[in-house]
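A.B. asks: Sharing a structure here in structure tokens format.
The values are calculated or read from the model by the stated rules, or taken from the named source; none is laboratory data. Because the structure is a prediction, the values reported are computed rather than measured. When we count neighbours, we look across all protein chains shown, and the Cβ atoms used for this are built from the backbone with ideal geometry, even at glycine. Please note that ligands, DNA and RNA were not included when accessible areas were found on the heavy atoms of the full protein model with its side chains. Shrake-Rupley method; radii C 1.70, N 1.55, O 1.52, S 1.80 Å.
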Amino acid sequence: GGVFTATEAGAIAVIYALSLSMFVYREITVAQLPDILVKATETTAIVMLLVGTSIAMSWLLAFENVPVTVSEALLSISDNPLILLLLINLALLVVGSFMDMTPAVLIFTPIFLPVAVQLGMSPLHFGIMMVLNLSIGLCTPPVGSVLFVSCAVAKTSIEKMIKPLMPMYAAMIVALALVTYVPAFSEALPRFFGLYE
């Protein structure tokens, strides 16, 4: 609803989870806080390192005119927007299954956004499509971090998780197709709240 930014929402979520863990469920004590903060700092440092290297990679790609080259290459394959969006989706699904979301967004947005805009896609629509693609990658082998965390929590192997997940993958692909080819599907809520014209 636009009450606060994504960063502020993250901070509020942390305070909320910490309050619940300490005062309601009593799973965390004050003595455990330093270890938790160190682990959070380590995770943040890894993400910041990825962000830093991704920004350097984005600059290099822009300096070498890779976005323009990729745009021209994609547009030379076909002038049909449906085919080009399918190719972008396939590329992002492959990238998402091998790369974490933050660096993937930083590296591939400057490459694919110009193509999407040339196809008449709004930046909001493209952003939602890209994040959904990469989110599907987060739970897809071989590097799906959400899949690994789920396996660790459930104390099972990836091999045992994949077969029951197949219907979920099918549902995610259907949702991705709707988001990609029906702009109103992804833009309706932001327009309703007046966040996007």
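A.B. asks: Per residue, how much accessible area does the chain have with a 1.4 Å probe, in Å²?
C.D. replies: Value for the chain: 63 Å² per residue.
A.B. asks: For Asp35, what accessible area in Å² do you get when you roll a 1.4 Å probe over the heavy atoms of the protein chains, rounding to the nearest 10?
C.D. replies: Surface accessible to solvent at Asp35 totals approximately 100 Å².
A.B. asks: Using DSSP to call loops (not H, G, I, E or B), can you name the GluC sites (Glu not before Pro) in region 1-80 whose Cβ has at most 11 other Cβ atoms within 10 angstrom?
C.D. replies: Passing sites in region 1-80 are Glu27, Glu64.
A.B. asks: A further question on this structure: If Val95, Val146 are ordered by their accessible area, calculated over protein heavy atoms with a 1.4 Å probe, which sequence runs from highest to lowest?
C.D. replies: Final ranking, largest accessible area leading: Val146, Val95.
A.B. asks: Is it possible to state the helix-based mean residue ellipticity at 222 nm for the chain, with each DSSP H run of 4+ residues giving -39500 (n - 2.57), the sum divided by total residues, to the nearest 500 deg cm²/dmol? What is it?
C.D. replies: Result for the chain, helices only: -26000 deg cm²/dmol.
A.B. asks: Still on this structure, I have one more. Using a Gaussian network model on the chain with a 10 Å cutoff between Cα atoms, which of Ala184, Ala45, Ala11 fluctuates the most?
C.D. replies: Per the Cα network of the chain with a 10 Å cutoff, Ala11 tops the list.
A.B. asks: Modelled label-to-label distance, Lys155 and Ile46, 7 Å Cα→beta-carbon offset: nm?
C.D. replies: Roughly 2.3 nm, to one decimal.
A.B. asks: Sort region 35-97 into rounded, prolate or oblate with this rule: let a ≥ b ≥ c be the square roots of the eigenvalues of the Cα gyration tensor; rounded if a/c is under 1.5, and if a/c is not under 1.5, prolate when a/b is larger than b/c, oblate otherwise.
C.D. replies: In terms of gyration-tensor shape, oblate.
A.B. asks: Let me ask another. Regarding region 126-197, what's the average projected area of the Cα-atom convex hull, expressed in nm²?
C.D. replies: Projected over every direction and averaged, the Cα hull of region 126-197 covers 5.8 nm².
A.B. asks: Right, something else. May I ask you to give the percent of accessible area on region 121-197 that is carbon plus sulfur, with a probe radius of 1.4 Å?
C.D. replies: C and S atoms contribute 78 percent here.
A.B. asks: Continuing with the same structure: Grab the Cα-Cα distance for Leu124 and Trp59, subtract it from 0.36 nm times how many residues apart they are, and report the gain in nm with one decimal.
C.D. replies: Result: 21.2 nm gained on full extension.
A.B. asks: Separation between the Val66 and Val94 pseudo-spin-labels, each 7 Å from Cα along Cα→Cβ, expressed in nm?
C.D. replies: Distance between the two pseudo-spin positions: 1.4 nm.
A.B. asks: Give the cross-link partners of Lys39 among the lysines, using a straight C-alpha distance below 27 Å as the criterion and excluding same-chain residues fewer than 8 apart.
C.D. replies: Filter leaves Lys155.
A.B. asks: Next up: Return P(r) of region 48-140 (all Cα-Cα pairs; 5 Å bins starting at 0; whole %; ordered from short to long distances).
C.D. replies: Each 5 Å bin holds this share of Cα pairs: 3, 14, 24, 25, 22, 9, 2, 0.
A.B. asks: Expressed as a fraction of 2.2 N^0.38 Å, the rule-of-thumb size for a compact globular protein of N residues, what is the C-alpha radius of gyration of the chain?
C.D. replies: Taking the Cα Rg and dividing by 2.2 N^0.38 Å, one obtains 1.20.
A.B. asks: Give, to the nearest whole percent, the P(r) tail of region 127-167 beyond 14 angstrom, counting all Cα pairs.
C.D. replies: The calculated P(r) of region 127-167 puts 48 percent of pairs beyond 14 Å.
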